[in-house]
Structure formats: C-alpha cells, structure tokens
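To start, the structure under review is shown below, and the notes come after it.
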C-alpha cells in the first residue's frame, strides 16, 4: 500500500489516537491533494537537493517529495517517537531509507549543514495554541525575533514559531511552502509571520481555503498555504481565496497585492477576500460599520452564578434587575428581532451608592451582598478591579445586538425590547441618530452579507469577531440602509446610545 502511494501506518496512527488525543500535540495529517499542490508549486523552480519537513508525522510530504525528486535528501523533524517510527517505516517501505532521516528533536533546535543547493522546506507545522507552548519557548520566540528586529508576542501559536525557525535555517535560493491555520493573517501575534514574509522569508503567495472546505478530516480551521522564497524582498505577494482543495492546482494563481499595501494593512484577511481593496479604499456607496456605529462587547460580571438570576426573581427589588441576553443561543433563535424580554434572565446591577435605596429595598440588597460575598463574588479578579465591587455597570440597551463567536456567521438582531447584554454578545450603538428603518435595514444587510470567513477562525471551527473587526465590516451608505429593511415602521429617530466605558480587565 505504501509503494502504491497510500499511508496505512498514518491511518492506523489516527485510529489509535483519536482527534481529541492528538489535538494537544497539534497532529493533523495532510490530505494528498494539498500535498500535491504544494509540491507542484515547488516543482516549477530549481529542483531541491534537500527536502525538510518540520513536522513529519507519517512522512506523507517526504515520501511524495522523494518520488518527485529521486536524488533529493529527505529530512524529517518530529517530537513524537511513535510518529517518527512510522515515518521511518514508511520511507523504508517506499525504498527511500538510504537518503532519508527523521530526527527526533524540536524543529526550533534544528541545525542544518550546507546542502550545496536548494533546500525545500515543506509541511504542515503542528497547530498548538499559545496556552500549551512552554514559557521557555515563548522567551525563545521573543528573543529570536528581537535579534531580527521583528515584533513577537507570547500569544503566538506554534506555527508562528515554525515560520521563525524556518527563517533562521533557510538561505537565499531556498524555497518553502507551509500549510497552517489562517488566523495569523489577522491576529496581533501574526505580525511576526507577516513581517517575516515581507522580509527574510520572501513571501511569494498565500492561498486561503474557504472555511466551508473540509480540508482536514479532524480539524475545523480555516487553512492557508503560504509559499516563500527566502532571501528575496518581494515587491508584491499573490493572494487568493480557493473554494476547495480541487481548486488549488499548482498554486500558480492569485492577485498580486503590492508589498506597500500589505505593510500598511493591520490585517491581511480582507485583502485576500477583496484583492486590491486596501483599508483606505472601498467600493462606491459603501462605508465601514464603525463609521456609523460603535461596537461594544457586553459587560463582564465577574461571577455569572451570582450576578445572573432567573427572570422575575423576588429576592431583590425589580429596580436592580435588568433583563439581558446572557446566552448566544437567545440571539440565534430570536430571528430578526428581539421583540420581548420574556424568558430572558436578569442581571443584577446595583447602584454605586446603596444609601439611595429605600430602607426596605436596602435590606434586601444587603442580605444579597452578604450571600454574594460568601460565594466569593467580592474576591474575583473583575470585582477586585472595580469600585465598588458590587457594581456590574451594564451598558445601555443597544439597538442591534450581535453574536461574535460561533461555528457560523454572527446573528444580528434588532433590540426594540431594550434588553441589556453581557459579554457573550456585542452591542451596536449609532454614533448619530438613526431612524428605525435604517436600523432595520442595517441589521438585515449584516445578516444577509456577513460570512464566517470575515472573522478569525480558530481550531475546532470557531469564528470570532472582535469589536474593532466588526467595525470594519463594509455596509451601504446610511441613505441606502432603509432599502434593506424587511419592514418600514414609523420613522421615529432613535437617539445615539453611548454605553459606560467598559472597565479594562485582563
């Protein structure tokens, strides 16, 4: 089966270790179609004399490369002893053992002698979030990047470490193609990868697979294939969005985006989905959502079990109980409008000065606070950083509420019921008064047009929209918004709402 191009040992490895067990090590095995496309791109240049796979697994990349370049030295790097063993066995069965070696070491510790020709760096670095990266390696990332004069963050996922390690190992004339999660295009820690591609790594092209494309059988994350030519200083980089693996080809297509535009952009995702449209230009008749509305994440309570209660609870006066959206599912099931607060739980939001309460209500509040303190609500990080500790400080009701993290596009829901919201949702607050038809049209347009690929996609398929990212969504100019409204109610202006500035918390 190996000689016929199969990977029976890799398939057995995946059966022995289910996805949940492999996830902590970032082990996802690359499908043949992706490997063929990456090798096809590499094959258009000078033939490599050495091929290096930074996360070898069962050696799928190395065996395919060995068949294409029958004189190339094959070097794999792997930290899992079992994966290294099956990779060596696969290469041996394929008749490549004499020119292959799989090193049981960390790629960031690798030292390579001169190859006397082109080295091709190709593979699928393990996808591991920063929470699982040891502190010593985070320090390595920051110190190494600093020596190169590049930005680095301890929040970087492991694939960013591998891009940096490749930049250290490569020499001018080499080539590389890595398939990773695409989040580095937009997140802050991705500045390091973006700077590497515009600098020493010499980015040549980036091909982002549509989030709906099931690239990896056991990992639901938006994938990007990044091709680079170390030692070159690119004047432009080809960017492309691809609907499926079959559409990859040999990674020859894409729209050239000038390096200056990439350097000026804080996120590259919009440039992939709208090639040639920079942050300072947009289609006629469109503005960014942030020009019309501020987007604010809901308030953090610090202890939901204490501050969120059942609707109609009689333990406190009604004046401190505020019906609120506390679950994203409440917005997903609301449809286009939250017409009533019936069924919503309440958030307890007490005034800063309790002496303003009538005596009977004050007695209820003091009894509640004693219970809350006993439950540890006064000792949480959030409570310790607000004054007084019991004041949640809910935002005013937002005319439009939006979910921001799910395995689907956000829900945008009009809020005529005036429900408050906690930090499971964003509130859209007009900067200037907007009549109800414009608000209805804005919510409807966002529901119809916003896709999951406009947010950040993480492992497991979760898509997230930070407030500033949501503010960058393109929308029609204000005078066009009413045309998208599903109904046209009386045009009574809605005053702009500015919530209390949220407290800064870690």
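Worth a mention:
- Highest-first packing order for the peptide set 200-206, 288-294 is 200-206, 288-294, based on the mean count of other beta carbon atoms within 10 Å.
- Ranked packing of 404-414, 4-14, most packed first, by mean Cβ within 10 Å: 404-414, 4-14
- Contact order relative to length of the range 290-484, as percent, for alpha carbon pairs under 8 angstrom and 6 or more apart: 30 percent
- Diffusion of the range 55-143 by Stokes-Einstein, at 37 °C in a medium of 0.692 mPa s and with Rh set to the Kirkwood radius over alpha-carbon pairs, works out to 231 µm²/s.
- Relative to the compact-globule estimate of 2.2 N^0.38 Å, the Cα radius of gyration of the range 290-484 comes out at 1.11.
- Across all directions, the average projected area of the convex hull around the alpha carbons of the chain is 26.8 nm².
- Relative contact order for the range 8-273: 18 percent, from Cα pairs under 8 Å spaced at least 6 residues apart, divided by residue count.
- Over all directions, the projected convex hull of the C-alpha atoms in the range 311-427 averages 8.0 nm² in area.
- Residue-averaged 222 nm ellipticity for the chain, from DSSP H runs of 4+ at -39500 (n - 2.57), nearest 500: -7500 deg cm²/dmol
- Tensor-based shape of the range 8-273 (alpha-carbon gyration tensor, a/c under 1.5 rounded, otherwise prolate or oblate): rounded
- Between the range 286-339 and the range 49-69, the alpha-carbon centres lie 52 Å apart.
- Scoring 32-38, 163-169, 242-248 by mean Cβ neighbours within 10 Å over their residues and listing the highest first yields 163-169, 32-38, 242-248.
- Prolate/oblate/rounded label for the range 113-160 (Cα gyration tensor, a/c 1.5): oblate
Throughout, read-outs are computed from the coordinates displayed, never taken from laboratory work. Everything numeric in this text was worked out from a predicted model, so none of it was measured. Cβ coordinates were reconstructed from backbone atoms using ideal geometry, including for glycine residues, and neighbour counts include every protein chain displayed.
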